[in-house]
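Peer 1: One structure follows; several queries about it will come next.
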Amino acid sequence: MRSIPKLFGSAATVALLAGALGMLNPAAAGNDAAHAHPGAAGPVDISRSAMDLPAPPAKRAPQKVTVNLETVEVDGKLADGATYHYWTFKSVDEQTPKVPGPFVRVRVGDTVEVKLKNHADSAMNHNIDFHAVTGPGGGGVATVAEPGQTKGFTFKALNSGLYVYHCAVPLAAQHISNGMYGLILVEPEGGLPKVDREFYVMQGEIYTEQAFGSAGELTESYEKLMAEQPEYYVFNGAANALTGANALKAKVGETVRIYFGVGGPNKTSSFHVIGEIFDRLYQEGDLSSPPLKSVQTTMVPAGGAAAVEFKLEVPGNYMLVDHSLSRAARGLIGMLAVDGPANPEVYRAHQPPAQTAENVH
Ligand SMILES: [Cu+2]
């Protein structure tokens, strides 16, 4: 059994030794065979695109759906010049593991067959707990898989809603902070209202021994995890991942929906989009009740989710934040870039905008 919490794998030990000997550099770390996923050359781009989610299903009766997932431990890019050893969920047909795990989309009444393979090269046991499941451990009890094993279970999606899934093998907080979380959407009967664009964003915390901004191969800190003092806060797995070329993109006149979840493991998010108002908010991921209207900021607990919708009237860059804003300086910032004609009736500046960081991404 490998269920005993293990905070420092052999690879991390090698890195610590190398660091102590002054040998550590990112290129060397990337070539360490103990770290690399088979076929991966060096640290992978770990951040999942916010646009990477399945299209809404056609209106249909409940049916049987299969969800095929694999757990993979892999070196990924945490920040510019910094890597981290992530633990992840990936779809079996995805080439590269990403954080968060794949967006799973079913409808209420579906019977869902879950298969979870733990990659043979894993050091740890892993499992999966879907908050959409009615049953022991949300499926976690049935899916504890040793490296190389495949486990599974079948559940009926009784409740619509937007739900978190995560690994729950002890120490669950460690598995989650290392990247083992995602969202499952259980569509209500008849589906959700049509929007022009949908996005998938999740918030997480990473507890590194090294201070925020350090270069090289960063390693996890048990003490900081227990003290709930992360060095990094991340949207979609990596610091500042959803900015620049990886920003969310839309056009003036479009309606957008953001599926937002908090993997955590520990912190509640005060989710806010600077310069926008949530026209409709599906609070707590509840898709059965009428949405709230005209909301500025919504609290999303660790292990919780919300969906927000708004129409884009004015072009520009809109920042996604947790309004506990110290976290923005620790990597927790995203951007929605909106193109299109100016709309001076709704918004106009009296002078040209200053070239601040927000305006020049
Ligand atoms: Cu795990």
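Peer 1: Quick check: Cα centre of segment 195-268 to Cα centre of segment 79-141, how many Å?
Peer 2: Each part's Cα centre sits 17 Å from the other's.
Peer 1: Taking the simple approach of a point 7 Å from Cα along Cα-to-Cβ for both GLU223 and THR96, what is their distance in nm?
Peer 2: Using points 7 Å along Cα→Cβ, the separation is 3.5 nm.
Peer 1: Cut-off under 16 Å on the C-alpha distance; same-chain residues fewer than 8 positions from LYS224 excluded. Which aspartates and glutamates are left, in chain and number order?
Peer 2: Within the straight-line limit of under 16 Å, LYS224 reaches these aspartates and glutamates: GLU205, GLU209.
Peer 1: Just to be sure I understand the model, the point goes 7 Å from the Cα along the line to the Cβ. What's the resulting GLN210 to THR66 distance in nm?
Peer 2: In this crude spin-label approximation the distance works out to 4.2 nm.
Peer 1: Could you report the chain's accessible area per residue, 1.4 Å probe, as an integer in Å²?
Peer 2: Here the residues of the chain average 43 Å² of exposed surface.
Peer 1: Something else about it: Label segment 197-339 by shape, choosing from rounded, prolate and oblate, from the square roots a ≥ b ≥ c of the eigenvalues of the Cα gyration tensor; if a/c is under 1.5 it is rounded, and otherwise prolate applies when a/b is larger than b/c, oblate when it is not.
Peer 2: oblate
Peer 1: Show SER177, SER214 ordered by accessible area, largest first, where the area counts protein heavy atoms only and the probe is 1.4 Å.
Peer 2: Accessible-area ranking of SER177, SER214, largest first: SER214, SER177.
Peer 1: Still on this model: Would you work out which of LEU218, GLN63, GLN283 lies farthest towards the positive end of the dipole of the chain, given +1 charges on the beta-carbon of Lys and Arg and -1 on that of Asp and Glu, about the Cα centre?
Peer 2: GLN63
Peer 1: Now, a different point. Round to a whole number: what % of the accessible area of the chain belongs to carbon and sulfur, probe 1.4 Å?
Peer 2: Roughly 53 percent, rounded to a whole number.
Peer 1: Then there is this: What aspartates and glutamates does LYS151 reach when the alpha-carbon gap must be under 13 Å and sequence neighbours fewer than 8 apart in one chain are set aside?
Peer 2: Leaving aside aspartates and glutamates fewer than 8 places away in the same chain, those within reach of LYS151 are GLU70, GLU113, ASP129.
Peer 1: Can you compute the charge dipole magnitude of segment 80-129 about its Cα centre, using +1 on each Lys and Arg Cβ and -1 on each Asp and Glu Cβ, nothing else charged? Give it in debye, rounded to the nearest 20.
Peer 2: Values: 6 positive and 7 negative charges, 24 e Å.
My answer is approximately 120 debye.
Peer 1: Still on this structure, I have one more. Output ³J(HN,Hα) for segment 100-112: one whole-Hz value per residue in order, computed from phi by the Karplus curve 6.51 cos²θ - 1.76 cosθ + 1.60 with θ = phi - 60°, and x for Gly and Pro.
Peer 2: Rounded to whole hertz, the list is x, x, x, 6, 9, 10, 10, 10, 4, x, 5, 9, 10.
Peer 1: Right, another one. Where in segment 248-274 does the label zone of GLU345 land, with the point 7 angstrom along Cα→C-beta and an amide N cut-off under 14 Å?
Peer 2: Inside the label zone: 253.
Peer 1: Still on this structure, please answer the following. Assuming R0 = 35 Å, what is the FRET efficiency of LEU158 and GLU313, from their Cβ-Cβ distance, to the nearest 0.05?
Peer 2: About 0.35, to the nearest 0.05.
Peer 1: Just to be sure I understand the model, the point goes 7 Å from the Cα along the line to the Cβ. What's the resulting GLU254 to ALA123 distance in nm?
Peer 2: 4.1 nm
Peer 1: Probe radius 1.4 Å, ligands and nucleic acids left out: which of PHE212, PHE89 has the largest accessible area, and how do the rest follow?
Peer 2: Highest to lowest solvent-accessible surface, that is PHE212, PHE89.
Peer 1: Which of the aspartates and glutamates could a cross-linker span from LYS77 if the Cα-Cα distance has to be under 13 Å and same-chain partners fewer than 8 positions apart are dropped?
Peer 2: Within reach: ASP45, GLU217.
Peer 1: While we're looking at this one, here's another question. Which listed residue (TYR200, GLY340, VAL106) has the Cα farthest towards the positive end of the charge dipole for the chain, taking +1 on Lys and Arg C-beta and -1 on Asp and Glu C-beta about the Cα centre?
Peer 2: Farthest towards the positive pole: VAL106.
Peer 1: Now for a different question. Go ahead and run the numbers for FRET between ALA58 and SER294, Cβ-Cβ distance against an R0 of 35 Å, rounding to 0.05.
Peer 2: Efficiency at R0 = 35 Å is approximately 0.65.
Peer 1: Under a 10 Å cutoff between Cα atoms, tell me which one of ALA307, ALA211, ALA247 has the largest fluctuation in the Gaussian network model of the chain.
Peer 2: In the Gaussian network model the winner is ALA211.
Peer 1: Multiply the residue gap between GLU189 and GLU284 by 0.36 nm, knock off their C-alpha separation, and tell me the result in nm, one decimal place.
Peer 2: Roughly 32.3 nm would be gained on extension.
Peer 1: Using a Gaussian network for the chain with springs between C-alpha atoms less than 10 Å apart, which of these wobbles most: LYS293, LYS194, LYS115?
Peer 2: LYS194
Peer 1: OK, next. So how much accessible area does LYS64 have, in Å² to the nearest 10, using a 1.4 Å probe?
Peer 2: 130 Å²
Peer 1: Longer than 30 Å from Cα to Cα, which of LYS249/LYS293; LYS59/LYS311; LYS59/LYS156; LYS64/LYS267; LYS98/LYS249 are they? Say none if no pair is.
Peer 2: In this structure, LYS64/LYS267 exceed 30 Å between Cα atoms.
Peer 1: Is it possible to state the helix-based mean residue ellipticity at 222 nm for the chain, with each DSSP H run of 4+ residues giving -39500 (n - 2.57), the sum divided by total residues, to the nearest 500 deg cm²/dmol? What is it?
Peer 2: Result for the chain, helices only: -2000 deg cm²/dmol.
The values are calculated or read from the model by the stated rules, or taken from the named source; none is laboratory data. Remember, predicted model here, so these are calculated numbers, not experimental data. Cβ coordinates were reconstructed from backbone atoms using ideal geometry, including for glycine residues, and neighbour counts include every protein chain displayed. For accessibility, only protein heavy atoms count, side chains too; no ligands or nucleic acids. Shrake-Rupley method; radii C 1.70, N 1.55, O 1.52, S 1.80 Å.
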